[in-house]
Amino acid sequence: MIGDTRRFRSQFVSGRRARVALLAAFAAGALLAQAPARAGTADDPVLEVVQTDYHVPLFSNQYVTVVDVNIPPGRGTNFHNHRDDALNIYLVDYPPKSAGQDYGKPVGILRGGKSMPKAGEVLFQNFSNSPIINRGENQGSPGDGTMHVIETEFTGRHVFGYTPAERDPAYVKVVDNDKVAVWRLTLQPGETAPMIVQKAPGMRVVIHGGEIAEITPGAKDRGMLLTDGKVYWQDGGVRRAVKNIGATPVMLVEMEMK
């Protein structure tokens, strides 16, 4: 009987140790799953933008390559090349712990701790003159916001040889250089942005979606339901006005090439 009791105690202790070890392994795995992505080093491979983690190619044509960059909390990208001029259109307010790392340098919080980009902000980067290799990292905790931006790379130099026509003040110009002009348009319910002329190809990015109608001379008004984050290529040679026919504000960013 005593021997049986000892065997029972030994089996109980062994079983408890196994359960403790199993729980410890599970906890370590859970912590590992929640841990931020490892900071890159100069020994890591360098990829192209369209091959990079959390960079999803949307479309490409003879003018641009458009990529949806969406980095969740606790994740980071690979090192990647930036050789072509690029336009970043921010879809959301960037989290405070958004970080970046240039190749061979330490990770640092973007903008040196100053205010992060806001939804609808636009940044043009002249990488054709100053190529770089870098990566991004979202150091936020689970439940924090994503780093979400539409990145447009200008994959060739296409000169259309004109200056875009000035648009109504409803269109706020946010970028104007020798390659592109970019406007941000915000319409409250019932508001209309007057007719514009778009001569060259361009692009529309939806920051805050809703219902609009595009008004084109000689045609029936065309209703559209736009959702956040959608990207639309727009051919040149068109005239249009835009009216908010929905119940919520709409914010669009429109780019026109030069």
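The values are calculated or read from the model by the stated rules, or taken from the named source; none is laboratory data. In this text the structure is predicted, and so the values were computed from the model without any measurement. Cβ: placed from backbone, ideal geometry, glycine included. Neighbour counts: every protein chain shown.
Collect the residues in the stretch 72-120 that are over 21 Å from SER60 (Cβ atoms), of a type in the set (D, E, K, R) and in contact (Cβ under 8 Å) with a residue 40 or more places away in the chain, keeping them in residue-number order. Selection gives ARG75, ASP93, LYS97. Filter the stretch 227-250 down to the residues that are of a type in the set (S, T, N, Q) and surrounded by fewer than 17 Cβ atoms within 10 Å (Cβ to Cβ) and list them by number. Passing the criteria: THR227, GLN234, THR248.
Of all the residues in the stretch 159-207, those that are more than 18 Å from LYS243 (Cβ to Cβ) and not aliphatic (A, V, I, L, M) number 14. Remark: pairs (first residue in the stretch 203-226, not assigned by TED's automatic domain parsing to the domain that holds VAL92; second residue polar (S, T, N, Q) and surrounded by 19 or more Cβ atoms within 10 Å (Cβ to Cβ); Cβ separation under 6 Å; 6+ apart in sequence or on different chains) = ILE212/ASN244.
Would you be able to say whether some residue in the stretch 144-153 is closer than 29 Å to ARG204 by Cβ, at pLDDT 95 or above, assigned to a loop (DSSP other than H, G, I, E, B) and not aromatic (Phe, Trp, Tyr)? So that I can check it myself, show each step before the final result.
Initial filter on the stretch 144-153 (closer than 29 Å to ARG204 by Cβ): 144-153.
This time we only want the ones that are at pLDDT 95 or above, so: 146-153.
With assigned to a loop (DSSP other than H, G, I, E, B) added as a condition, the list becomes 146.
Checking the rest, the ones that are also not aromatic (Phe, Trp, Tyr) come to 146.
Yes, that holds for at least one residue.
One residue stands out among those in the stretch 185-226 that are part of a strand (DSSP E or B) and small (Gly, Ala, Ser): the one that is surrounded by the fewest Cβ atoms within 10 Å (Cβ to Cβ), which is GLY223.
Does the stretch 83-97 contain at least one residue that is outside the structural domain of ASP176 (by TED's automatic domain parsing), more than 17 Å from GLY120 (Cβ to Cβ), modelled with pLDDT of 95 or more and surrounded by fewer than 18 Cβ atoms within 10 Å (Cβ to Cβ)? Yes, the stretch 83-97 contains at least one residue that is outside the structural domain of ASP176 (by TED's automatic domain parsing), more than 17 Å from GLY120 (Cβ to Cβ), modelled with pLDDT of 95 or more and surrounded by fewer than 18 Cβ atoms within 10 Å (Cβ to Cβ).
Summed over the stretch 172-184, the residues that are assigned to a loop (DSSP other than H, G, I, E, B) and either within 17 Å of TYR90 (Cβ to Cβ) or not basic (Lys, Arg) (or both) give a count of 2. Contact map, the stretch 234-258: first residue farther than 15 Å from ALA165 by Cβ, second residue modelled with pLDDT under 95, Cβ cut-off under 6 Å, separation 6 or more or different chains; pairs are ASP235/PRO201. All of (1) outside any strand (DSSP E or B); (2) in contact with a helix residue (DSSP H, G or I) (Cβ under 7 Å, 6 or more places away or on another chain) hold for ARG111 with one exception: (2). Comparison of ALA170, ALA165, ALA200 shows that the only residue that is of a type in the set (A, V, I, L, M, F, W, C) and modelled with pLDDT of 95 or more is ALA170. Go through the residues of the stretch 122-140 one by one and say whether even a single one is among the charged types (D, E, K, R), buried (at least 20 other Cβ atoms within 10 Å of the Cβ) and not in a strand (DSSP E or B). No: zero hits. Within the stretch 133-160, residues that are closer than 18 Å to GLN51 by Cα sit with their Cβ atoms under 6 Å from residues that are acidic (Asp, Glu), at 6+ positions apart or across chains, in these pairs: ASN134/ASP102; GLU153/ASP84; PHE154/ASP84; PHE154/ASP85; THR155/ASP84.
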